[in-house]
1. For VAL286, what is the net charge nearby, where nearby means another residue's Cβ is under 9 Å from its Cβ and Lys, Arg count +1, Asp, Glu -1?
2. When the dipole is taken about the Cα centre of the range 2-110, and only Lys, Arg (+1) and Asp, Glu (-1) are charged at their Cβ, what size is it in debye, to the nearest 20?
3. Against the empirical 2.2 N^0.38 Å scaling, what ratio does the C-alpha Rg of the chain come to?
4. Cut-off 10 angstrom, C-alpha nodes, Gaussian network model of the chain. Which of ALA87, ALA414, ALA385 fluctuates the most?
5. For q values of 0.23 Å⁻¹, compute log₁₀ I(q)/I(0) with the Debye formula on a Cα-only model of the range 150-244, without solvent.
6. Can you give the Kirkwood hydrodynamic radius of the range 257-379 from its Cα pairs, in Å with one decimal?
7. Under a Cβ-Cβ cut-off of 10 Å, what is the net charge of the residues other than ASP134 that fall near it, where Lys and Arg count +1 and Asp and Glu count -1?
8. In the Gaussian network model of the chain, springs joining C-alpha atoms below 10 Å, which of GLY88, GLY180, GLY265 carries the largest mean-square fluctuation?
Amino acid sequence: MQVSVESTSALERRMTVGVPVERIETEVNKRLQQTARRAKVPGFRPGKVPMSVIRQRYEASARQEALGDLIQETFYEAVVEQKLNPAGAPAVEPKTFEKGKDLEYVATFEVFPEFEVQGFESIAVERLQAEVADADLDNMLDILRKQNTRFEVVERAAENGDQLNIDFVGKIEGEAFAGGSAKATQLVLGSGRMIPGFEDALIGAKAGEERVINPTFPEDYQNLDLAGKVAEFTVTVNSVSAPQLPELNEEFFAQFGVKDGGLEGFRAEVRKNMERELRQAIKSKVKNQVMDGLLAANPIEVPKALLGNEVNRLRVQAVQQFGGNIKPEQLPAELFEEQAKRRVVLGLIVAEVVKQFELKPDEDRVRELIQEMASAYQEPEQVVAWYYKNDQQMNEVRSVVLEEQVVDTVLQKANVTDKAVSYEEAVKPAEAPKAD
């Protein structure tokens, strides 16, 4: 087999492969012999059909099949021989494809970039230090109570924070407009659900009262036909309900799966969840800084095939998330290219760090991570057992752990500073990473 390789760009290779005619004919004859054993030809018993008849009837298809298989086989033999690492399927163009002659074809493909990850010392990481204080715990209990607020009908004027049941009809210049009317709508005053001025104008209203209010649609309102216009809403208040925060009692605790221990047991459970969230938030922010640093220190060219595959994955995810009748391929590739490039580059860099430092998933850390995730459930033992019975899930956990080990490897050489902050600042979502 003759092989020659030409570099047409940093990552693209043009490989010419020559396959001897003897190998082609051997493969063709092998297929014809297999066909002869099972072919049914009128006038002949199965397995007794003369080879001349078999060749006449089936040689063309056997040759086509043999050539297709040989191209696939010899391509992989050639890339192994040439120590190439294709990043995607090749585009194959036959140069000679005639009976009785050597097969020669050209395969054009991209290879994975060859590089060594560097610049660990230039990566600056700010590692947050925080703890769950009693005040943070008290604040979280207040949030949980507010999230479970119930509204009870009251016989008084509406106040900010009350929930009103209203009917309304909206008009602009005396004409009703689409979406401007509704009946029996629940509206919490101060929620900001309606356009500016709408909710404020209902403070002080009582059940059975009708008010005519004139709020103005914002200049940047999504419906351009309404943007900046003054509307007239006739609003009928059907009822006024005041917020009632639930008591911190056994019934409330049971909603969160805490059945024993009373208030102290509930506080302990909430604190445990907050501490888990805190650890995850700090770990995530450190990881983002490490990955940003690796990207900045290791600019590499991305194979188009990998980028295209990642764009397609993101398209599918977008359709699954937002639904609708749109097909993934209808979404413009440009929407996903930056995110796809970041993912592909980081994937290549992380894989290279694993290779350079010969990292393997630490099974103790795998077990700890599974136990950490399982602790959020009411029956953690069952969750742990489920993971260990599911190979796919276990592989995903091992991938997460391996990525954590990559982060730890970088942190050993990076410029790391610790910063004490409050719980709220530590768990505040990090800014989205910027693509290169």
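1. With Lys, Arg at +1 and Asp, Glu at -1, the net is +3.
2. It works out to roughly 980 debye.
3. 1.53
4. Among ALA87, ALA414, ALA385, the largest GNM mean-square fluctuation belongs to ALA385.
5. Here log10 of I(q) over I(0) equals -1.15.
6. 18.3
7. Result for the local shell: 0.
8. With Cα springs under 10 Å in the chain, the top fluctuation among GLY88, GLY180, GLY265 is at GLY180.
Bear in mind that the values in this text are calculations on the coordinates, not laboratory data. Quick caveat, the model's predicted, so the values are computed rather than measured. Virtual Cβ from ideal backbone geometry, glycine too; neighbours counted across all protein chains shown.
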